[in-house]
Amino acid sequence: MPPGIAQNKVTEERSKAAPNRSFSDVETEIIDLFVQISKIIGLPRSCAEIYAVLFMSPDPLTMDELIGRLGISRGSASQGLNFLRKAGVIRMVPIPGRRPAHYEAVAELRQLAAGFLRDQILPQVEESQNRLNQIVEMAGRMPAKDRAHVSGRISMLQSWGKRSRQFLPFVVKMLGG
């Protein structure tokens with residue numbers, strides 16, 4: 001790609017990640033990095049942006065400060081903060097004499113991993129068990145000649161699910177979540 005086109009692409013990406021924001025180049029790149037990671041793991045962009053701003057901030061921030069810096073709606077900010085707090089990747093910080101809630105990023109990788117496993121992966125593993133039960137019922141209605149191969153594969157999936165349901169809670173516990 002010619003240098004001018006590559007630079008335009010970077011500028012486009014930067015403007016997508018930071019419309020109407022007053023971020024340094026480093027902050028913009030870090031926000032973009034968190035947004036990129038959030039895409040990989042299926043989290044909303046606003047959650048990544050909120051976390052990135054808190055991660056980079058030397059001081060805890062209020063929801064209104066986040067709204068002002070990010071240019072997001074109050075609803076997006078509220079939902080993002082609630083999600084991130086429940087996931088254990090941000091925490092509320094009491095500041096004496098100041099009424100609004102202040103938030104800061106939890107920057108310990110163990111907490112981030114435990115929160116992600118607990119809030120994102122474990123529910124998916126549990127939901128997959130319900131789906132697998134439905135598949136077992138469907139396989140039971142298949143012609144006998146086709147059922148043998150499918151039943152072997154279903155048994156394998158059931159074994160993987162059982163191991164996941166045993167292993168993942170242990171990992172979350174070991175990570176401190």
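The values are calculated or read from the model by the stated rules, or taken from the named source; none is laboratory data. Bear in mind that the values here come from a model prediction, so they are computed numbers and not experimental data. Backbone-built Cβ (ideal geometry, glycine too); neighbour counts: all protein chains shown.
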Checklist entry - Looking at (1) modelled with pLDDT of 85 or more; (2) out of contact with any Phe, Trp or Tyr (no Cβ under 7 Å at 6 or more places or on another chain), can you tell me which one residue 114 breaks? => result (1)
Checklist outcome for this item: Heads up, the helices (runs of 4 or more DSSP H) in the stretch 25-136 (entirely inside) with at least 3 residues that are in the same structural domain as residue 151 (by TED's automatic domain parsing) are 109-116
Checklist outcome for this item: In the set 111, 134, 124, 79, the lone residue that is more than 15 Å from the chain's Cα centre (by Cα) and not hydrophobic (A, V, I, L, M, F, W, C) is 134
Checklist outcome for this item: Within the stretch 15-39, restricting to residues that are modelled with pLDDT under 50 and more than 21 Å from the chain's Cα centre (by Cα), the one that is farthest from residue 80 (Cα to Cα) is 15
Checklist entry - Which residues, taken from the stretch 44-63, are more than 14 Å from residue 104 (Cα to Cα) and touching a residue at least 24 places away in the same chain (Cβ under 8 Å)? => result 44, 46
Item to check | Set 115, 88, 75: member being surrounded by fewer than 17 Cβ atoms within 10 Å (Cβ to Cβ) and small (Gly, Ala, Ser) | outcome: 75
Checklist entry - How about the stretch 138-169: which of its residues are of a type in the set (D, E, K, R) and within 29 Å of the chain's Cα centre (by Cα)? => result 162, 163, 165
